Structures are given as C-alpha cells and as structure tokens.
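Novice: This is the structure, below, for whatever I ask next.
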Amino acid sequence: MASQDWFEKDFYATLGVPSDADATTIKKTYRKLARTMHPDHNVGDPKAEARFKEIGEAYAVLSDPEQRREYDAVRAMSGGGARFTAGGPGGGGAGFEDIFSAFGGAGGPGGPGGRVPFGAGGGGQPNIEDILGQMFGGGGAAPGGFGGFGSTAGPRPGADVQASTTIPFRDAVEGSTVSLSSPELGRVTARIPSGVKDGQRIRLRGKGRQGDPGSTPGDLILTVSVERHPVFGRDGDNLTVDLPVTFAEAALGATVAVPSLDGTSVKVKVAPGTPSGRVLRLKGRGVTRGGSTGDLLARVQVVVPQRLTDEAREAIEKMAAAEGDVDPRADLFERART
C-alpha cells in the first residue's frame, strides 16, 4: 500500500542509483550502504542512525517489484504538470483542489470551484487511494493493476494442495478409488487412473482449497507411491514375472502355465534347449494405459534340483558321459582374449 510521503521522497536518490537500476544493482548498493551506516559501526551517531533508517525504507520499497511499480506510478504523476503541493494564494503550484478540478470541472466533487472535503484522510490530509481511485475510474483498481489502490480484480481462486498416498501394486495397474483425510480439506475421494507409476504426480481438478465465493477451487496434486508385488514387476507398460522351469522342461521343451495379474493363467511354450534368462512374451497381458496395453514378459529360470534320487543321478551321469568333451565355456574364454 502506498504511503503519503511517497510524493515527497526520492528513494532512488536515497540509495544513489538511477531510476532504471535493476534489482541486482539495487541490492548490491543497499548492502554496501547498510554496512557503512549500520548503528554497530556508528555508535552514538544519530545522523548515521537516521541515514540507516532511510536507506532501509528505500530498499524495502524498491526491492519489492509490486511496491516499486506503485512508487514509480506515484512519482510519474507527481512529476507531471500538476504538482501535489499546497494550494491557495501564493502557492508555488497547483494544489489537491486543482487535481480534482481537472477531473470534475469547475463544479467538481465537493462543491463550487472543485473543492473537495478530505474526510477519509483525517485532519485535513488527502487520501491517496481516493485520489487515484477517481483518476483511474472511480474507486476501481488502476489500469494495468496498481496493486494496493482500490479493489482487487475479482474473487481469488482456491489454492492447490500437495498430498501423497501409497497404493497396492494391483490398484496402480488396474486403477482404484482412494479416500484421503486431511485437516485442511477433510475427507477427499480421489480416482487413481489405471497404469499410474511409482512416484507419479497426478492432478485432481477441483479437489484443493476453496477460494472466494464465486471462484473455482484449487487442485489436489497427489504423489502416488506403489507397493512392491511379491511376484510381478513392471517395465514401462509391460509386466514382468520370473518363470521357474525344470531342467528337463528347458532341455526337452514343454508347455507350462504362467500366472497373470488378474488371477488367471495362460499357457506358454518353452522351446527345447531354452536357457535360463530367456524372455517369453505374452501379448496384451500387461498394463493398460492411454488406450494401449503392454505385454507380460516371463523370464525363464532353470531350476537346478537340490537333491537327486539315485535314478536321477544315474541318468545325469549318463548324459554327462554322452556329451564327451563339450565345454560350454570355450566361447567365453575365446571372447575374453579379444
């Protein structure tokens, strides 16, 4: 809010900077002056103390972009043709009455000759907001938004609210509805879309704080954490699962069942000689998001038996003998030497 003495003070001159100085220059200059004039360095010097207060007041206005715009607007008006000085016979310039005469004519507000009673200011002092209100349209805010003069532009919308929640893996994939409780919002019901990722932020329109009457409420910005699943993982829009197979199934080939997230199972063929780590892709069994659905990726893990029967041991020994001198690591060592 502008102060009456803004018409009389030159804050730029107080700091010793030009009127078009940028924020960095103003801040740097103020700090230098403040260090020099600080009362701790000028004990018992009332002039230095007064100077310290002056530069502090000037910096408080010029460092705030909104207050600086208001101050520059006031300076522009006071530096124009009509001066905000005492009127009457012998006065050096036009008074407040002349200002109102210019806007209201000879028979302007307050009576003949454009004389205006400044009741709102008290003690015969003019009220700056009243003056600027008439100059910029009868009490409304000044064109271009001179904040602090007159009324605001309209009802303020509600503020956004930040919140977080943790949901099960299945709910993140399939979508769900959660209830949140907050001291400032009370109980809020929010719809979590299908396919939301761990750490993803979603915007829930109109779920934030209420604004002024007639305005729109703010939004709820919800950060979602997803719990780990004991079986399934996620790679983008694909679901992943480790698929154990026996040595015989991997060596001879087989058709095995793979679990899916919806609780059903789907059959997949394991080709003869399938190694551990090979990924089998099941189309359309993944995450549905944005109109498309990913796949289910089953990673084969060949299970080595921990205990062998005599019959199984004998069979494996026969297989090892049949393989002869085959070395599965020969290629590994060959590539390691390159």
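The values are calculated or read from the model by the stated rules, or taken from the named source; none is laboratory data. Keep in mind the model is a prediction, meaning the values are calculated, not measured. Because the Cβ atoms are built from the backbone with ideal geometry, glycine has one as well, and the counts that use them run over all protein chains shown.
To keep it simple, each residue is scored yes or no on (1) more than 26 Å from Asp295 (Cβ to Cβ); (2) modelled with pLDDT under 90; (3) part of a loop (DSSP other than H, G, I, E, B); (4) touching a strand residue (DSSP E or B) at 6+ places or on another chain (Cβ under 6 Å).
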| site | (1), (2), (3), (4) |
| --- | --- |
| Gly150 | yes, yes, yes, no |
| Val173 | no, no, no, no |
| Ser225 | no, no, no, yes |
| His229 | no, no, yes, no |
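Novice: Tally time: how many residues in the range 55-70 are within 22 Å of Met37 (Cα to Cα) and either among the small types (Gly, Ala, Ser) or at pLDDT below 85 (or both)?
Specialist: 4
Novice: Is one or more of the residues making up the range 75-98 assigned by TED's automatic domain parsing to the domain that holds Ala13, at pLDDT 75 or above and of a type outside the set (D, E, K, R)? Full working, then the answer.
Specialist: Filtering the range 75-98 down to residues assigned by TED's automatic domain parsing to the domain that holds Ala13 leaves 75-98.
Checking the rest, the ones that are also at pLDDT 75 or above come to 75-76.
Pick out the ones that are also of a type outside the set (D, E, K, R) and you get 76.
Yes, the conditions are met somewhere in the range 75-98.
Novice: Starting from residues that are in contact (Cβ under 8 Å) with a residue 40 or more places away in the chain and either surrounded by 17 or more Cβ atoms within 10 Å (Cβ to Cβ) or touching a His at 6+ places or on another chain (Cβ under 7 Å) (or both), keep the ones in the range 181-209 and report whichever is farthest from Gly284 (Cα to Cα).
Specialist: Here the answer is Gly208.
Novice: If I filter the range 257-274 down to residues being under 48 Å from the mean Cα position of the chain (by Cα) and assigned to a loop (DSSP other than H, G, I, E, B), which single residue comes out as surrounded by the fewest Cβ atoms within 10 Å (Cβ to Cβ)? Walk me through it before giving the result.
Specialist: Our first condition is that a residue be under 48 Å from the mean Cα position of the chain (by Cα); within the range 257-274, this holds for 257-268.
Next cut, assigned to a loop (DSSP other than H, G, I, E, B) only: 260-264.
Numbers: Ser260: 16, Leu261: 18, Asp262: 10, Gly263: 7, Thr264: 9.
That would be Gly263.
Novice: Could you please find all residues in the range 1-50 being under 20 Å from Glu66 (Cβ atoms) and modelled with pLDDT under 85? Talk me through it step by step, then tell me what you get.
Specialist: So in the range 1-50, the residues under 20 Å from Glu66 (Cβ atoms) come out as 1-7, 9-12, 14-15, 17, 19-27, 30.
Those that are under 20 Å from Glu66 (Cβ atoms) and modelled with pLDDT under 85: Met1, Ala2, Ser3, Gln4, Asp5, Trp6, Phe7, Lys9.
Novice: Consider Ser179 against the criteria (1) within 25 Å of the chain's Cα centre (by Cα); (2) modelled with pLDDT of 90 or more: it satisfies all of them except one. Which criterion is unmet?
Specialist: (2)
Novice: Checking Ser215 against (1) touching a Ser or Thr at 6+ places or on another chain (Cβ under 7 Å); (2) hydroxyl-bearing (Ser, Thr, Tyr); (3) assigned to a loop (DSSP other than H, G, I, E, B): exactly one of these is not met. Which one?
Specialist: Every condition holds for Ser215 apart from (1).
Novice: Okay, next question. Going residue by residue through the range 211-228, is there one that turns out to be in contact (Cβ under 8 Å) with a residue 24 or more places away in the chain and under 20 Å from Arg299 (Cβ atoms)?
Specialist: Step one: list which residues in the range 211-228 are in contact (Cβ under 8 Å) with a residue 24 or more places away in the chain, which gives 211-228.
Going one step further and asking which of them are under 20 Å from Arg299 (Cβ atoms), we end up with 228.
Yes: the range 211-228 contains one or more residues that are in contact (Cβ under 8 Å) with a residue 24 or more places away in the chain and under 20 Å from Arg299 (Cβ atoms).
Novice: Kindly list the number of the only condition in (1) within 49 Å of the chain's Cα centre (by Cα); (2) surrounded by 10 or more Cβ atoms within 10 Å (Cβ to Cβ); (3) not in a loop (DSSP other than H, G, I, E, B) that fails for Gly286.
Specialist: (3)
Novice: Go through the range 292-315 and count every residue that is of a type in the set (A, V, I, L, M), surrounded by fewer than 16 Cβ atoms within 10 Å (Cβ to Cβ) and assigned to a strand (DSSP E or B). Walk me through it before giving the result.
Specialist: First, the residues of the range 292-315 that are of a type in the set (A, V, I, L, M): 296-298, 300, 302-304, 308, 312, 315.
Those still in the list that are surrounded by fewer than 16 Cβ atoms within 10 Å (Cβ to Cβ) too: 303-304, 308, 312, 315.
Narrowing the set further to residues that are assigned to a strand (DSSP E or B) leaves 303.
Number satisfying all stated conditions: 1.
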